[in-house]
1. Using each residue's phi in the stretch 180-188, evaluate 6.51 cos²θ - 1.76 cosθ + 1.60 at θ = phi - 60° and report the 3J(HN,Hα) Karplus result to the nearest Hz, with x for Gly and Pro.
2. With contacts defined as alpha carbon pairs under 8 Å and 6 or more residues apart, what's the relative contact order of the chain in percent?
3. What is the dipole size for the chain, taken about its Cα centre, with +1 at each Lys and Arg Cβ and -1 at each Asp and Glu Cβ, in debye to the nearest 20?
4. HN-Hα J couplings of the stretch 62-73 from phi, Karplus 6.51/-1.76/1.60, θ = phi - 60°, integer Hz, Gly and Pro as x?
5. Given just the C-alpha atoms of the stretch 186-242, how large is their convex hull per residue in cubic angstrom?
6. Between the stretch 20-39 and the stretch 103-130, how far is it from one alpha carbon centroid to the other, in angstrom?
7. Which one of 243, 219, 202 is farthest out on the positive end of the charge dipole of the chain, using unit charges on Cβ (Lys, Arg +1; Asp, Glu -1) and the Cα centre as origin?
8. What value, in deg cm²/dmol to 500, does the helix sum -39500 (n - 2.57) over DSSP H runs of n ≥ 4 give at 222 nm once divided by the residues of the chain?
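The values are calculated or read from the model by the stated rules, or taken from the named source; none is laboratory data. Quantities reported herein were computed from a predicted structural model and do not represent experimental measurements. Glycine also receives a Cβ, built like all others from the backbone with ideal geometry; neighbour counts cover every protein chain displayed. SASA here: full protein model, heavy atoms, side chains in, ligands and nucleic acids out. Shrake-Rupley method; radii C 1.70, N 1.55, O 1.52, S 1.80 Å.
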Amino acid sequence: MKEVVLALGKLFLQSLRDLLPIIGVIAVFQLLVLRQPFPDFTQLVLGTLLVAAGLALFVRGLELGLFPVGENMAYAFARKGSVAWLLVFAFALGFGTTVAEPALIAVANKATTAMVGAGLVADTDSARFAAAWELRVVVGLAVGVGLLIGVIRIIKGWPMHILISIAYLFMVALTPFAPREIMAIAYDFGAVTTSEITVPLVAALGVGLASSIKGRNPMVDGFGLVAFASVMPMIFVMAYGMLS
């Protein structure tokens, strides 16, 4: 028990250290540029401590749970030689983690609010929920497909830079034809998709898979899945906007 408390305390101090640049920027602009005191300073300090505690617990959870699960499952599928189930697992992992991604949920809700203001979605709770859910499902499908491509690349040993270049060229080519109302949202989804839940599991999947295949280097071949998980939502959301 004492070791656990010490480990969490160390992570808490590391989280505070990681937050210092953000705190410094806010403090400089608030005190030196705006020349105003911090509103609700006590609440601000309490919130910062809670954020640091949350980060410490989250990092510890990644180390204990998500990273080992992703690596072990990828290794087990590869050792059994079940490529079909490995691809199903990669797609399901990408879809499930993305739909549950907190950042995606927040941005999808904000995008739906903007769509209501633009007259694209009816101003009712059911319409808002349906629009936000559709966006999350589309992005989830996109990440699932991106992981499929990334896993096949690791298995086949295809060069990553060529596939990534093709994907981004296709995304750029699609941009002029996408509706203006959806284009900026699509680009933002490419960033928020790869966040707290998705990235650790996706990275663990790639490293575990590359470690289990003879001739693959985990450092060279194990990473890159996040890049596919980032570019595919842009393509899918723009295509969704064009079709709907």
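1. Per residue, the Karplus-derived 3J(HN,Hα) values read 4, 5, 9, 4, 5, 4, 4, 5, 5 Hz.
2. Taking the mean separation of contacting Cα pairs over the length of the chain, I get 25 percent.
3. 640
4. For the stretch 62-73, the Karplus-derived couplings read 4, 5, 7, x, 5, 4, x, 4, x, 5, 5, 5 Hz, x marking Gly and Pro.
5. 76
6. Cα centroid of the stretch 20-39 versus Cα centroid of the stretch 103-130: 33 Å apart.
7. Going by the charge dipole, the pick is 219.
8. -26500 deg cm²/dmol
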